Amino acid sequence: MRKRSSSLKLTTMLAGATALTLSGCDDPSPQASWDPNRGEQVQAFSYKSLEECKAANEVSDAQCDTSYASAQKDDQKNAPRYEARASCEDVYGVGNCVPRNGENGGGSFFTPLLAGFVIGQMLDGGGYRGTGMYRRNDEYGGGYYSTYGGRLGRDYGTGRTTISKTSIDPPDAIRNAPPKIQTRTSVVSRGGFGGGRSYARSGGFKGGFGG
């Protein structure tokens, strides 16, 4: 009986491993398991404009300039993309989405307007980096998100705004992966936000950008 039981257990384990392997092959893209809300949380600074960043004196003027430039670049390349204006406005609000054209004749789509930019610590700990910020107004949670999908939160112990490092400075495989254009079906199935990446939601953000 013991030998038979061990055999059954091994067979079950092998079957489970096979299922996991097959599941992983369904979507080999680097976005498949990407969750920018996990990982180490770092202090973040969020601003509506470059001028606001410089007036706050939380980082140097040079850091404001560099971070703002990074946010503009990330927005052009990696902003969430939607097939229709209505689908984009379902997530970001009426009047908050604009048409764009892909590079090299890549077709047209809609992206949300920048609500500002956020600065946080880089992955290698070698300083700070900025990226774009978008404000969601949908029923799936709302709040402010980085270009790469990470949601701003708050450390209630210190009262400081936080975000995960990978939401500011994602791995190259994520940063260089072309965003997918979402359809209305994908918007509903993913709870609103995604930009072609599998995003998870974390705690709410209170404050910043004027609420």
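What follows is calculated from the coordinates using simple rules that are stated; it is not laboratory data. All figures in this text were calculated on a predicted structure; none of them were measured in a lab. Using ideal geometry, Cβ is built from the backbone for each residue, glycine included, and neighbour counts are taken over all protein chains shown.
Could you work out the relative contact order of the range 32-189? I mean the mean sequence separation of Cα pairs under 8 Å and 6+ apart, divided by the number of residues, in percent. Please report the intermediate quantities before stating the final value.
On the way: 308 pairs, mean separation 46.6, N = 158.
Value for the range 32-189: 30 percent.
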Fill in: Taking GLU103, GLU40 and counting other C-beta atoms within 10 Å, the order from fewest to most
GLU103, GLU40
Worksheet, complete the sentence: Per the 1/(1 + (r/R0)^6) rule, R0 = 41 Å and r from the Cβ atoms of GLU52 and ARG184, FRET efficiency to 0.05 is 0.75
Practice prompt. Holding the Cα-Cα limit at 19 Å, pick out from LYS48/LYS180; LYS77/LYS180; LYS73/LYS180 the pairs that are longer than that.
Written response: LYS48/LYS180
Worksheet, complete the sentence: Computed over the range 32-189, the Cα gyration tensor eigenvalues, each multiplied by 5 and square-rooted, give semi-axes in Å (largest first) of 25, 17, 16
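For each of ASP75, ASP35, count neighbouring Cβ atoms within 10 Å of the residue's Cβ, then give the residues from fewest to most. Show your work: numbers first, answer last.
Values: ASP75 21, ASP35 16.
Ascending number of Cβ neighbours within 10 Å: ASP35, ASP75.
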